[in-house]
Amino acid sequence: MAQKGLFITFEGGEGTGKSTQLKLLADFLAQRNIPVITTKEPGGTEVGQELRRILVTGDKDKMDAVAEALLYYADRRIHMTKKVWPALEEGKWVLSDRFADSTVAYQYYGYNKRVPYQTLENLYKLAVGDFKPDLTILLDINPEIGLARSLAKAGHMAVKETRHESRALEFHNNLRNGYLEMAQKEPERFVVLNADKTIEDLHQEIVKTVTERFKLD
Ligand code: TMP
């Protein structure tokens, strides 16, 4: 693929404010006349929306980590081929609310490594190949604070997307530590920001990161 745009992913546990920050960054970029689209996993495409409903609603034990990994990867493959890569080829910046690091964090670390890491790497190769995000912004927060935020928000939703939120705190602590480990292994791709601050303060940190990294003025 002849990539012309940039692919920026937002990662983190529950209730970090990813979606809000992603929108604010998109507005910032659009104001600078940078062509940008926002998207998410799971659910960035029409088929993905159906997969999302299956994945994030209902009983937490209705499927195991292996089945989840396969479905998240099906969503990802459709997302990349139908939306992300075409947009990048058109020169757009693509901001994605979650990407493959979520699968490692949730299905590998969250579930105490029940899916072999190599299997996830193989799925990545199959679905995504050698392609990687240009930048991954990891929003880090104590899971007790994040879960409280996330469940308060879900209280106002018609369809409760709380399948993962209903898992034990240990699951969320594991995945948070997993994310931090991943960020340490790939410091050139990841930026870790403390998400326990005001929306505006966090936005300013993200703007600073992106402005410096991609030399915007
Ligand atoms: P969201 O709450 O950020 O919209 O994400 C939906 C849920 O799906 C969230 O609980 C994290 C979970 N998830 C995984 O478990 N594995 C994945 O690969 C992805 C993309 C999301």
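The values are calculated or read from the model by the stated rules, or taken from the named source; none is laboratory data. Fair warning: this is a prediction, and the values are worked out from it, not measured in the lab. Quick reminder, even Gly has a Cβ in these numbers, built from the backbone with ideal geometry, and neighbours come from all protein chains shown.
Quick notes on this structure:
- Residue match in the range 73-91 (condition: touching a Pro at 6+ places or on another chain (Cβ under 7 Å) and more than 9 Å from the ligand (Cβ to nearest atom)): yes
- Unique residue being out of contact with any Gly (no Cβ under 8 Å at 6 or more places or on another chain), surrounded by 15 or more Cβ atoms within 10 Å (Cβ to Cβ) and either in a loop (DSSP other than H, G, I, E, B) or of a type outside the set (A, V, I, L, M, F, W, C) (or both) when the list is Tyr124, Tyr109: Tyr124
- Whichever residue in the range 151-164 is among the aliphatic types (A, V, I, L, M) and exposed (fewer than 13 other Cβ atoms within 10 Å of the Cβ) and, among such residues, is farthest from the ligand (Cβ to nearest atom): Ala158
Table: residues versus (1) touching a helix residue (DSSP H, G or I) at 6+ places or on another chain (Cβ under 8 Å); (2) part of a helix (DSSP H, G or I); (3) at pLDDT 95 or above.
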position	(1), (2), (3)
Ser166	no, no, no
Arg176	yes, yes, yes
Met182	yes, yes, yes
His203	yes, yes, yes
Lys208	no, yes, yes
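- Breaking point among (1) crowded, with 17+ Cβ neighbours inside 10 Å; (2) more than 20 Å from Pro116 (Cα to Cα), for Lys82: (1)
- Test result for Ala148, out of contact with any strand residue (DSSP E or B) (no Cβ under 9 Å at 6 or more places or on another chain) and buried (at least 19 other Cβ atoms within 10 Å of the Cβ): no
- Residue under evaluation Asp59, criteria (1) within 15 Å of the ligand (Cβ to nearest atom); (2) in a helix (DSSP H, G or I); (3) out of contact with any Pro (no Cβ under 6 Å at 6 or more places or on another chain); (4) touching a residue at least 40 places away in the same chain (Cβ under 8 Å), criterion not met: (2)
- Those residues of the range 92-116 which are within 9 Å of the ligand (Cβ to nearest atom), in contact with a strand residue (DSSP E or B) (Cβ under 9 Å, 6 or more places away or on another chain) and of a type in the set (A, V, I, L, M), in sequence order: Ala100, Ala105
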